[in-house]
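The next block holds one structure in the form of structure tokens; read it before the comments.
The values are calculated or read from the model by the stated rules, or taken from the named source; none is laboratory data. Remember, it's a predicted structure, so these values are computed and weren't measured experimentally. Please note: Cβ atoms are built from the backbone with ideal geometry, for glycine as well, and neighbour counts cover all protein chains shown. Accessible surface areas use protein heavy atoms only, side chains included; no ligands, DNA or RNA. Shrake-Rupley method; radii C 1.70, N 1.55, O 1.52, S 1.80 Å.
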Amino acid sequence: MRTSPPATSEPSKASAISATSVALSAVLLVLLAVLVPFSALSAWVDLEIDDTDRYVAAVSPLSSDPAVQSTVTDLITDEAMRQIDLGPLQDTVRDFLHEAVRSFTSTEAFRTAWDTANRTAHEAVTAALDGDSGEAVTIDLAPVIEQVKQDLVSQGVPFADQIPVQRTEITVIGADRADSLRDSFHWLRYCSIWPAVATLVLLVLVVGIATVRGGLRAALAATAAVGAGFVLGAIVLRILVAVGRSRVLDEVPGSDRDAAAAVVDALTASLRTTVWAVLAVGAVLLVGAVVARMVLGRRRAGRG
């Protein structure tokens, strides 16, 4: 009488493989939820905040932003009126000068002056983020005021020659908030683009190993996990950008808040674009892998 060898439980094997796959997918989701926003932020600091030309290109369109134009107009007018005392005509002159400055902010000369101010400000911004505690991040409008004064004087605007050309700042990040951001900024600058490179290497390894060990179905499962991780990472990045924006603007003086918000939004525009790009890639990978697994399963069922 022959004794048959003990049969291996196929459902048990499948269950073990499924549990391992779920565990690995969960780990991958957590890693991507951390790595995607970290990679985006570190690359953003390296490629945009640290690069003068990219920085100026990002904030250059703000010369046409109504909030920026209004803030610049108010600051220049206020500084000029401190030098003028005309008694009962004070308000009339103020309104006239305010309108003249506001008109200048729509000219090409203002746009050029704004770019010049921000090119100079970039050095101050990076120095403030690298510097000692207690330093706010500001944009000095002195180059803009100089151009405004020259333009108004050449037009014969009364009292334009009394506009003082001195350091006049728009606060972008308050001193206390800048202090809390400095350590994070240093880490992001140090990491540069390498977290993004490491993330891509990780994804190639995960999908490659899954393909070698489990074939097409395992590769599709890994791809679906990668897609879900991208979606989750994009959501985390968007939340970080929104929370960071809110916390930064909390400490900006009320008179500068609209302009500061415009500057912050301009500088983080590439991050918001990254959010949508990563979200789209993740959704395509996730949906594509799930659909492909369903099609593959149906074909195998049909052959069976």
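A few comments on the model shown:
- Single match in SER133, SER154 (criterion: open to solvent by 20 Å² or more (accessible area, probe 1.4 Å), at pLDDT 85 or above and of a type in the set (Ser, Thr, Tyr)): SER154
- Some residue of region 174-187 being surrounded by 15 or more Cβ atoms within 10 Å (Cβ to Cβ), touching a helix residue (DSSP H, G or I) at 6+ places or on another chain (Cβ under 7 Å) and under 17 Å from LEU29 (Cα atoms): no
- Candidates ALA261, ALA198 - the one that is more than 20 Å from ASP130 (Cβ to Cβ), part of a helix (DSSP H, G or I), open to solvent by 30 Å² or more (accessible area, probe 1.4 Å) and modelled with pLDDT of 85 or more: ALA198
- Residue in region 237-251 that is more than 23 Å from the chain's Cα centre (by Cα), buried (at least 19 other Cβ atoms within 10 Å of the Cβ) and in a helix (DSSP H, G or I) present: no
- Residue count for region 97-113, restricted to those that are touching a Leu at 6+ places or on another chain (Cβ under 9 Å) and within 21 Å of ASP85 (Cα to Cα): 3
- Check on THR92, assigned to a helix (DSSP H, G or I) and surrounded by 15 or more Cβ atoms within 10 Å (Cβ to Cβ): no
- Taking residues in region 83-99 that are farther than 19 Å from GLN166 by Cα, and partners anywhere that are open to solvent by less than 100 Å² (accessible area, probe 1.4 Å) and modelled with pLDDT under 80, the pairs with Cβ atoms closer than 6 Å and at least 6 places apart or on different chains are VAL93/LEU86.
- All of (1) under 15 Å from ILE163 (Cα atoms); (2) of a type outside the set (Phe, Trp, Tyr); (3) free of Cβ contacts under 8 Å to residues at least 40 places away in the same chain hold for GLU108 with one exception: (1).
- Yes/no for THR126 being farther than 21 Å from VAL56 by Cβ, assigned to a helix (DSSP H, G or I) and of a type in the set (Val, Ile, Thr): no
- Region 174-231, residues that are of a type in the set (Ser, Thr, Tyr) and more than 30 Å from ASP250 (Cα to Cα): THR199, THR211, THR223
- Pick from region 151-169, criterion assigned to a helix (DSSP H, G or I) and among the polar types (S, T, N, Q), ranking: nearest to ASP140 (Cα to Cα): GLN162
- Scanning region 268-298 for residues that are touching a helix residue (DSSP H, G or I) at 6+ places or on another chain (Cβ under 8 Å) and either open to solvent by less than 20 Å² (accessible area, probe 1.4 Å) or among the β-branched types (Val, Ile, Thr) (or both) yields THR268, LEU271, THR274, VAL275, VAL278, VAL281, GLY282, VAL284, VAL287, ALA289, VAL290.
- Every residue from region 233-264 that is touching a helix residue (DSSP H, G or I) at 6+ places or on another chain (Cβ under 6 Å), within 14 Å of PHE38 (Cα to Cα) and without any contact (Cβ under 8 Å) to a residue 60 or more places away in the chain: ARG238, VAL241
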